[in-house]
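The values are calculated or read from the model by the stated rules, or taken from the named source; none is laboratory data. Just so it is clear, the structure is predicted and the values come from calculations on it, not from any experiment. Virtual Cβ from ideal backbone geometry, glycine too; neighbours counted across all protein chains shown. For the accessible areas, the whole protein counts, side chains as well, though only heavy atoms, and no ligand, DNA or RNA atoms are used. Shrake-Rupley method; radii C 1.70, N 1.55, O 1.52, S 1.80 Å.
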Amino acid sequence: MAAHLSYGRVNLNVLREAARKELREFLDRCAGSKAIVWDEYLTGPFGLIAQYSLLKEHEVEKMFTLKPGSLPPADVKNIIFFVRPKLEIMDIIAGNVKSEVKQRSHRDFHILFVPRRSLLCEQRLEEQGVLGSFINIDQYILDLIPYDGDLLSMESESAFRECYLENDQTSLYHAAKGLMTLQALYGTIPQIYGKGECARHVANMMLRMKREFAGSQNQILPVFDTLLLLDRNVDLLTPLATQLTYEGLIDEIYGITNGYAKLPPEKFIQKKQGEGGKDLPTEPKKLQLNSAEELYAEIRDKNFNAVGAVLSKKAKIISAAFEERHNAKTVGEIKQFVSQLPHMQAARSSLANHTSIAELIKDITTSEAFFDNLTVEQEFMTGVDTDKVNTYIEDCIAQKDPLIKILRLVCMQSVCNNGLKQKVLDYYKREILQTYGYEHILTLNNLEKAGLLKLQTNARNNYPTIRKTLKLWMDDVNEQNPNDISYVYSGYAPLSVRLAQILVRPGWRSIEEVLKMLPGPHFEERQQLPSGLHKKRENRTTLIFFLGGVTYAEIAALRFLSQVEEGGTEYIIASTKLINGTSWIKSLMDKLEAPPF
């Protein structure tokens, strides 16, 4: 059991256990000793479902990373390929299998596609002449992976790109399938709201799947009252802004992948007496980050400016607890102190880690560069000078700052101004291509296609109206004891989360005009519940599904609403991917390859 998955109103361990059961069943179908050959991208998500111990119990003796050429030697009966359905991966597998057959192999080969089997991939294996070598070809439906007690992600890195650049709806189909899996485990969700084209597609596919399974309706009392489907392109602004929560900043600066962050090691050295600075570690410090760690659960969603005070208060509490040992006189008191020791030591090491991380982040957030960047972001968000070339962006290009930083700012200016004037847009493009290379012309085209960078047409700029109506900017933000979601960006309230907040009270009808200004349709659907399953509840649980990615700051804002809403709405968050502005822009980047002459 992963305890941190079951603390909320919805026990996400149920989903994890269902995924583990399916994995065990597949492994048992391949009788005998096994080696797994991993598509490297899958190892992180799988680690959240099953540790190596589970695989070992089912006779997995060796694990390799998928690479071209021959497989490493392994004295096992079965070779199982765990892979995504991609054609280039099939070519590598074919090479592996051919070299095995050539050498010695009387082995059984199996292939497990994650998350779906693919006819095209099987055809490719057939063309390569190896399809007949596989005994089991199966699929492992890993759509939504539980990351925390209130957080699910498909970890589909290219979902936004596929939907908005390539017109490929595969990830939307997986999202609809994932929602069907959730409803099979947690009951039918009676109310569905959505905003955006992708949201409409997912709702349609899900309702169609529901009709096809009409006979097998489960008699489970629904856990979720409402499903809210939101397209990422309804709110393009939020991921571009620098997140200012503790977890958001860890992700912005170091990146969080599958619940782990890799941090510079020098701040984590335990100095022993008499030792000099020799043998400094060079490997990054890898830390797991989730709510299983008490202190992290407490500080992750706070604005970074409020974290220091919590850490120093915790330090006092912990050192007072250790001092207690001097007061333990009787055997009973000593025994009690000793029994608390493991918890106290864990708390002390957790505090040391987070103090180190906070110091690393503070070095960056107190720098002039960080402050200047943030100032420009906040000017754009409040509508200051968004219609002309920005001198700060000009300077950053002149200094050859990282291209992604430039693209984030230019896209932000474009979004906050409902597009840029022709001469401003042309100027930025010319400067970027001349400074960073003409191969980035494809990236600029992609950003235009996705709507992040666009030419201002004659239509008026709706952003000021949207900002005022939805109260997207709050001047009097309280970072220490917040009373509004805008604390996650020190003033800016994420538009996506505002929409979720207004849906609960007073309802979307009150913002009909603004909804029309945002891209894509908005809609409402009802799903019939099996008779006898209607139940009036005080507290409501909403599943909010971000199609195209969600940031940690948005997650923090939704957790804040779960805690403060008088109506008692608790949010469970699902997404195609956990993103930040950098990883998001990166997924849209392409380089024009130089011609081979």
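Restricting attention to segment 289-368, which trypsin sites (Lys or Arg not before Pro) occupy a DSSP loop and are surrounded by at most 16 other Cβ atoms within 10 Å?
When the trypsin sites (Lys or Arg not before Pro) of segment 289-368 are filtered for loop state and at most 16 Cβ neighbours within 10 Å, Lys329 remain.
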field: Area of Asp385 that stays accessible when all protein chains are in place (1.4 Å probe, Å², to 10)
entry: 80
- prompt: In straight Cα distance, which lysines are under 26 Å from Lys21, not counting same-chain residues fewer than 8 positions off?
  reply: Lys34, Lys56, Lys62, Lys77, Lys86, Lys177, Lys210, Lys577
Dipole of the chain, positive end: most advanced residue of Pro521, Leu182, Ser531 [Cβ charges, Cα centre]: Ser531
task: Multiply the residue gap between Val101 and Gln191 by 0.36 nm, knock off their C-alpha separation, and tell me the result in nm, one decimal place.
output: 26.9 nm
query: Roughly how many debye, to the nearest 20, is the charge dipole of the chain about its Cα centre, given +1 on each Lys and Arg Cβ, -1 on each Asp and Glu Cβ, and no other charges?
result: 880
field: Under 10 Å, Cβ to Cβ, from Ile89 - net charge with Lys/Arg +1 and Asp/Glu -1
entry: 0
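Starting from segment 76-106, pick out the trypsin sites (Lys or Arg not before Pro) whose DSSP state is loop and whose Cβ has at most 10 other Cβ atoms within 10 Å. Present the calculation step by step, with values, prior to reporting the outcome.
Numbers: sites: Lys77, Lys86, Lys98, Lys102, Arg104; in loops: Lys77, Lys86, Arg104.
Hits after loop and neighbour filter: Arg104.
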task: May I ask you to list the GluC sites (Glu not before Pro) in segment 156-188 that are in a DSSP loop and have at most 15 other Cβ atoms within 10 Å of their Cβ?
output: Glu166
message: Give me the dipole magnitude in Debye, nearest 20, for segment 190-257 about the Cα centre, with unit charges on the beta carbon: positive for Lys and Arg, negative for Asp and Glu.
response: 460
task: Go through Val14, Val424 and list them by solvent-accessible area, largest first, probe radius 1.4 Å.
output: Val14, Val424
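What order do you get for 512-524, 252-264 when each peptide is scored by the mean count of other beta carbon atoms within 10 Å, highest first?
Most protected by this proxy first, the peptides run 252-264, 512-524.
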task: Show which lysines lie in cross-link reach of Lys267 when reach means a straight Cα distance below 19 angstrom and same-chain residues fewer than eight apart are skipped.
output: Lys278, Lys285, Lys286, Lys362
Partner lysines for Lys454 [C-alpha distance under 17 Å; skip if fewer than 8 residues away on the same chain]: Lys388, Lys421, Lys423, Lys429
message: Rounded to whole Å, give me the distance from the Cα center of segment 1-76 to that of segment 357-383.
response: 41
- request: Can you grab the distance from the C-alpha centre of segment 430-480 to the C-alpha centre of segment 171-196, Å, no decimals?
  value: 31
